[in-house]
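Please treat every number below as a calculation from the coordinates, not as lab data. All of these numbers come straight from a predicted model, not from anything done at the bench. Don't worry about glycine lacking a Cβ; one is built from the backbone with ideal geometry, like all the others, and counts go over all protein chains shown.
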Amino acid sequence: MYLRPIGPRDRAREVDIISKFSEHSRYLRFFSGAPTLPDAVIDRLVDVDGFNHIAWGALDLDTAGAPLMGVVRAVRRGATSEADLAMGVLDAHHGKGLARLLMAAVVHDALAAGITRFTAETLAENGPARKLFKAIGGKAAGRDGNVVSFGFDAREVAARLAGMGVGEAMDDLREALSVHPLPRTTAVV
């Protein structure tokens with residue numbers, strides 16, 4: 001597994017990971033079980049600049065083409081210090097800490113970009129997402145039908161994620177982010 005910022009060069013990987021989600025996971029992530037998303041949605045997913053739209057992915061280096069195993073992103077809300085937080089991890093990697101690792105990287109970059117608050121929406125039936133959101137300091141901010149909104153303080157999220165750990169992987173990530181930050185314009189493959 002290899003974690004790195006993702007962007008426009010990962011368009012094919014984004015399309016691929018969406019097609020590999022189970023129908024239920026696609027429904028929980030995109031509120032639709034459709035096996036493909038419109039090109040305009042894919043365009044928005046890969047329109048990453050590292051400041052207004054931050055996205056990190058986990059690549060499976062043991063598989064040809066190094067497909068994505070999971071993605072976490074934060075998308076700034078206009079010219080504010082708030083961002084929408086979203087995540088998607090392939091079913092085979094659920095419950096292994098991958099979302100926490102990716103979220104730690106995204107939160108690190110978001111704080112560096114001046115983002116101080118996050119909002120995330122999930123379906124009420126998505127127990128694992130609700131549990132993770134609460135564990136990282138999310139407060140239920142409202143409900144619209146079957147959709148629950150959570151609000152987060154970015155620094156609290158960072159502190160809680162640091163305390164959770166995922167063994168050596170989280171330690172390695174923290175060290176890499178603090179000692180060897182990636183320049184925002186450099187592609188890492």
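Look at segment 136-151 and say how many of its residues are within 21 Å of Ala55 (Cα to Cα) and either polar (S, T, N, Q) or assigned to a helix (DSSP H, G or I) (or both). Reasoning before the result, please.
Step one: filter segment 136-151 for residues within 21 Å of Ala55 (Cα to Cα), giving 136-138, 149-151.
Adding the requirement that they be either polar (S, T, N, Q) or assigned to a helix (DSSP H, G or I) (or both) leaves 149.
Here the count works out to 1.
Among the listed residues Arg4, Arg11, which satisfies the condition of being farther than 28 Å from Lys139 by Cβ, among the charged types (D, E, K, R) and touching a helix residue (DSSP H, G or I) at 6+ places or on another chain (Cβ under 6 Å)?
On the way: Arg4 fails: touching a helix residue (DSSP H, G or I) at 6+ places or on another chain (Cβ under 6 Å).
On inspection, the qualifying residue turns out to be Arg11.
Filter segment 37-49 for residues that are free of Cβ contacts under 8 Å to residues at least 24 places away in the same chain and surrounded by 16 or more Cβ atoms within 10 Å (Cβ to Cβ) and give the result.
Leu37
Starting from residues that are farther than 23 Å from His108 by Cβ and of a type in the set (D, E, K, R), keep the ones in segment 129-165 and report whichever is surrounded by the most Cβ atoms within 10 Å (Cβ to Cβ).
Residues of segment 129-165 farther than 23 Å from His108 by Cβ: 130, 140-149.
From what's left, of a type in the set (D, E, K, R): 130, 143-144.
Numbers: Arg130: 18, Arg143: 11, Asp144: 8.
If we take residues in segment 129-165 being farther than 23 Å from His108 by Cβ and of a type in the set (D, E, K, R), then Arg130 is surrounded by the most Cβ atoms within 10 Å (Cβ to Cβ).
Residues in segment 113-128 that are surrounded by 14 or more Cβ atoms within 10 Å (Cβ to Cβ), in contact with a Ser or Thr (Cβ under 6 Å, 6 or more places away or on another chain) and over 22 Å from Val89 (Cβ atoms): how many?
Number of matching residues: 1.
Considering only segment 50-74, state which residues are without any contact (Cβ under 8 Å) to a residue 24 or more places away in the chain and under 15 Å from His108 (Cα atoms).
Result: His53, single match.
Within segment 140-152, work out how many residues are farther than 18 Å from Ser81 by Cα and in contact with a strand residue (DSSP E or B) (Cβ under 9 Å, 6 or more places away or on another chain).
7
Hey, among the residues in segment 24-36 that are farther than 15 Å from Ala124 by Cβ and over 16 Å from the mean Cα position of the chain (by Cα), which one's surrounded by the most Cβ atoms within 10 Å (Cβ to Cβ)?
Just the residues of segment 24-36 that are farther than 15 Å from Ala124 by Cβ, to begin with: 25-26, 30, 32-36.
Narrowing the set further to residues that are over 16 Å from the mean Cα position of the chain (by Cα) leaves 32-36.
Details: Ser32: 11, Gly33: 14, Ala34: 11, Pro35: 11, Thr36: 11.
Ranking the qualifying residues of segment 24-36, first place goes to Gly33.
In segment 106-117, is there at least one residue being touching a residue at least 12 places away in the same chain (Cβ under 8 Å), under 16 Å from Leu3 (Cα atoms) and over 13 Å from the mean Cα position of the chain (by Cα)?
No.
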